[in-house]
Amino acid sequence: MLNIEKIRKDFPILHREVNGRPLVYLDNAATSQTPQQVIDVIVDYYQRYNANIHRGVHTLSQEATDAYEAARIKIQKHFNAQKAYEIIFTSGTTHSINLVANGFSSLLRKGDEILVSAMEHHSNIVPWQMLCERTGAVLRVIPMSDEGELVIDEYHKLLGPKTKLVFVNHVSNALGTINPIKALINAAHKIGAAVLIDGAQAAPHVKADMQALDVDFYTVSAHKICGPTGVGVLYGKEEWLKKLPPYQGGGEMIAEVTFEKTTYAELPHKFEAGTPNICGGIAFGAAIDYMNAIGFDAIETYEKELLAYATEKLGQIEGLKIYGPKRNKASVISFNIEGIHPYDIGTILDKLGIAVRTGHHCAQPIMDFYKIPGTVRASFSFYNTKEEVDTLVEGVKKAKNMLV
Amino acid sequence: MTIQTIQEEIVDEFSMFEDWMQRYEYMIELGKSLPIIADQYKTDDNIIKGCQSKVWVHAELDHDKLVFTADSDAIITKGIIAILIRAFSNQKPQDIIDADTNFIDEIGLKEHLSPTRANGLVSMIKQLKLYAVAYQTQLN
């Protein structure tokens, strides 16, 4: 059982007011809030050992390097990657995906096929379209059902000898759907295709095991799991990371440089050109520690309870439609009220101190699928309460009365 | 009436309200009285970029004055554009170009003025003024 009252004390931001009312923060799928324990790590870094890493001989540089590499190991252990150097620090999921997409430019041929799911974030669509433009490969889409689930039979039909890569999110940001990634990975591997799973939305809710999943690439952003913005990781299997060429050139990623030829550094540095977000990486490690101290099993149980409560309460509002699956879903509710634009609801909720996301959630194909301009999305974290759900429900009712 | 007088009138009306809810309810009411754009002009070309909701604006010259019609799929956005159009429609293009928009701040809608806000109020004002510039050139 989680002690929510105690947990909320860790988050200074949850105690502020917005428009004269206590903040009800329900935009966790966009960015989670940061606990004091992580903020302290950030402050401590700049107060005590801010220095560039991996090349200094002085004490500060060594301390910063040790902390940064310790964070990498924490992240490796958390995701159960086999090797620490299979964890590449990036600026976040978008950077991670672009790194892989760019790397595959040299490995794909004209006519090769890559499969992407119909419920992807734009960041997991656009890089692959760009890759197709560069290589002549063909992008094919795994369709989804009205319930917001992938049509697995169609996926099996799409898989073929030309399929080289499959990209699917672990959890859909717009609908909350938890995709059956293990089965998708197994099927792709049978025909020799590589799989990238976008784990940005899954990481705050479940602990993904890289070895058990046998996934080739997995991407995560720190700011979705109580860490800072601008940092994330790419997990890649060693064999794949060795095959891919470097993404960006610069310092840190080289072994030797002459004007005739440069040899690249070993993993993970080959993909980490330039001075990284050192403080961010260290704070990411602290965020992982914080989440694990609370415990992912307890988080999952509590969030399910919140989701069920919110689904029931919102469902009682006449004319309110929830998009996405009824089961196998993360704590995200995407909804609309008949005849009202989601933007209007979001504006009124903001005036009431309630933060939600409105719009297409960077997943326009899903909105086109449902033929809607967007949705209102409330996403719940382990620090949200049932009282906050009640405030949301009251807010939505108030908005409905004003707007109809 | 000059743009200045209309703006003062709007500020006056809004000053009667005590809280944001009343202001928003009034704005929603105003949205319902917006001079609606004819279907033939509800084209992609007439959509104002930078809004989370769709906003269409059309401008037509009536003698020496510019007349605006518009629509939006979101009611609050419709209210905002209705306020703008009330101030700027049926005015000479040069007057529209010269008009300031401080009244938006005074009626308590300042929060909508941020250029990064997804409602596109700033884009709407810019678009109305662009029409005025285009028609002023034509008149010259």
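The values are calculated or read from the model by the stated rules, or taken from the named source; none is laboratory data. Keep in mind the model is a prediction, meaning the values are calculated, not measured. FYI the Cβ positions are ideal-geometry reconstructions off the backbone, even for glycines, and counts take in every protein chain you see. Only protein heavy atoms, including side chains, enter the accessible area calculation; ligands, DNA and RNA are left aside. Shrake-Rupley method; radii C 1.70, N 1.55, O 1.52, S 1.80 Å.
Regarding A:Val171, is this residue surrounded by fewer than 20 Cβ atoms within 10 Å (Cβ to Cβ), in contact with a strand residue (DSSP E or B) (Cβ under 6 Å, 6 or more places away or on another chain) and not assigned by TED's automatic domain parsing to the domain that holds A:Phe369? The answer is no for A:Val171. For region A:215-261, a residue qualifies if it is open to solvent by 60 Å² or more (accessible area, probe 1.4 Å), in a loop (DSSP other than H, G, I, E, B) and modelled with pLDDT of 95 or more, and exactly one does: A:Thr229.
The numbered conditions (1) open to solvent by 10 Å² or more (accessible area, probe 1.4 Å); (2) modelled with pLDDT of 90 or more; (3) over 23 Å from A:Ile337 (Cβ atoms) are all true for B:Ala59 except (1).
Which pairs have Cβ atoms under 9 Å, sit 6 or more apart or on different chains, and link a residue in region A:189-217 that is basic (Lys, Arg) to one that is not in a helix (DSSP H, G or I)? Final answer for the pair search is A:Lys190/A:Leu159; A:Lys207/A:Phe79; A:Lys207/A:Asn80.
Name the residue, out of A:Leu131, A:Leu150, A:Leu165, that is open to solvent by less than 50 Å² (accessible area, probe 1.4 Å), at pLDDT 95 or above and within 17 Å of A:Phe217 (Cβ to Cβ).
Of A:Leu131, A:Leu150, A:Leu165, the one residue that is open to solvent by less than 50 Å² (accessible area, probe 1.4 Å), at pLDDT 95 or above and within 17 Å of A:Phe217 (Cβ to Cβ) is A:Leu165.
For region A:65-85, which positions are closer than 13 Å to A:Phe284 by Cα and acidic (Asp, Glu)? The answer is A:Glu69, and nothing else. Would you be able to say whether some residue in region A:388-399 is more than 14 Å from chain B (Cβ to nearest Cβ) and open to solvent by 40 Å² or more (accessible area, probe 1.4 Å)? Taking every residue of region A:388-399 in turn, at least one turns out to be more than 14 Å from chain B (Cβ to nearest Cβ) and open to solvent by 40 Å² or more (accessible area, probe 1.4 Å). Here the strands (runs of 3 or more DSSP E) wholly within region A:272-380 that include at least 1 residues being more than 14 Å from chain B (Cβ to nearest Cβ) and not aromatic (Phe, Trp, Tyr) are A:320-323, A:332-337, A:375-379.
Here's the yes/no breakdown for (1) of a type in the set (Ser, Thr, Tyr); (2) touching a residue at least 60 places away in the same chain (Cβ under 8 Å); (3) surrounded by 15 or more Cβ atoms within 10 Å (Cβ to Cβ):
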site: A:Val43; (1), (2), (3): no, no, no
site: A:Arg48; (1), (2), (3): no, no, no
site: A:Asn52; (1), (2), (3): no, yes, yes
site: A:His58; (1), (2), (3): no, no, no
site: A:Ser61; (1), (2), (3): yes, no, yes
site: A:Lys83; (1), (2), (3): no, yes, no
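Inside region B:14-27, can you point out the residues that are among the charged types (D, E, K, R), without any contact (Cβ under 8 Å) to a residue 60 or more places away in the chain and in a helix (DSSP H, G or I)?
B:Glu25
The residues listed here are B:Asp98, B:Asp73; of these, the one that is within 14 Å of another protein chain (Cβ to nearest Cβ), open to solvent by 10 Å² or more (accessible area, probe 1.4 Å) and modelled with pLDDT of 85 or more is B:Asp73.
The number of residues in region B:13-36 that are away from every other protein chain (no Cβ under 11 Å), open to solvent by 70 Å² or more (accessible area, probe 1.4 Å) and closer than 23 Å to B:Phe68 by Cα comes to 3. Applying the condition of being over 29 Å from A:Glu69 (Cβ atoms) and within 19 Å of the chain's Cα centre (by Cα) to region A:284-303 and asking which residue is least open to solvent (accessible area, probe 1.4 Å) yields A:Glu303.
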